[in-house]
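Encoded as structure tokens, the structure appears first; notes follow it.
Throughout, read-outs are computed from the coordinates displayed, never taken from laboratory work. What you see is a predicted model, and the numbers here were worked out from it, not measured in a lab. Glycine also receives a Cβ, built like all others from the backbone with ideal geometry; neighbour counts cover every protein chain displayed.
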Amino acid sequence: MHLSPIPLEPDSSNPMYQTENCQALISIYDDYYPKTGYQPPWTGYFIINENTVVGSCGFTKAPEEGVVEIAYWTFPEYEGQGIGSFACGELVKMAAAADPSVKITAKTAPDENPSVSILKKYQFELKGTVQDEEIGDAWLWEKV
């Protein structure tokens, strides 16, 4: 498994990108990058397993005031295979390599769920409940 950066203008005709989930993801990033900026390595990534895009992950934007937020999404048909855990670990390593002083955060739905288990595995600590424009009430996690 590996991560591949989602470019500013991905080649939508690439056979690897032809699934409905992947096309939706590309469409999301077409709108997302103009709002958040495109500053590698603080971008989005395809999660690729055996030449198949199985999800995405990335940084919600470049660090601000020494803080960066990570996010990951496994396509439903690939859930339960360790993909989210792999993505979280890779993003943590990438952030630490790019800026060892950056504080890494993440948000989850406010209940025990697979993402919570993944964050606990990577030593994230629950810091409280915050508002998120997509989730609403969300738990805020910080890497310790």
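With runs of 4+ DSSP H residues as the only contributors, calculate the mean residue ellipticity of the chain at 222 nm using -39,500 (n - 2.57) per run, divided by the residue total and rounded to the nearest 500.
-9000 deg cm²/dmol
Write down the Å³ per residue value for the convex hull defined by the alpha carbon atoms of region 75-144.
Per-residue hull volume (Cα only) is 101 Å³.
Running a GNM on the chain with Cα contacts under 10 Å, which residue among Glu77, Glu134, Glu69 ends up with the highest mean-square fluctuation?
Of Glu77, Glu134, Glu69, the most mobile in the Gaussian network model is Glu134.
Let me check I've understood the local charge: for Val102, count other residues with C-beta under 11 angstrom from its C-beta, Lys and Arg +1, Asp and Glu -1. What total comes out?
It works out to a net charge of -2.
Karplus couplings for region 106-117 from phi (6.51 cos²θ - 1.76 cosθ + 1.60, θ = phi - 60°), rounded to Hz, Gly and Pro as x?
Using θ = phi - 60°, the values come out as 7, 10, 9, 4, x, 7, 5, 8, x, 5, 4, 4 Hz.
Just going by the charge dipole of the chain, with Lys and Arg at +1 and Asp and Glu at -1 on Cβ, which of Val144, Gly128, Ser12 is farthest out on the positive end?
Val144
Hey, which lysines would be in cross-link range of Lys120, C-alpha to C-alpha under 17 Å, not counting anything within fewer than 8 residues on its own chain?
Lys93, Lys103, Lys107, Lys143
Only one of the listed values, [x] 0.98; [y] 1.49; [z] 0.94, was derived from the coordinates as Rg/Rh (Cα atoms, Kirkwood Rh); which label is it?
Label of the calculated value: [z].
By the scheme Lys and Arg +1, Asp and Glu -1, what is the net charge of all other residues having a beta-carbon under 12 Å from that of Trp73?
Combined, the nearby Lys, Arg, Asp and Glu give -2.
Report the charge-dipole magnitude of the chain in Debye, nearest 20, computed about the Cα centre from +1 at each Lys and Arg Cβ and -1 at each Asp and Glu Cβ.
The dipole of the chain has a size of about 500 debye.
What shape does region 1-61 take by its C-alpha gyration tensor, where a ≥ b ≥ c are the square roots of the eigenvalues and a/c under 1.5 counts as rounded, a/b above b/c as prolate, and the rest as oblate?
Judged from the Cα gyration tensor, region 1-61 comes out oblate (a/c at least 1.5, b/c at or above a/b).
Excluding Ser4 itself, calculate the net charge of residues whose Cβ lies under 14 Å from the Cβ of Ser4, where each Lys or Arg counts +1 and each Asp or Glu counts -1.
Neighbour charge sum, excluding Ser4 itself: -3.
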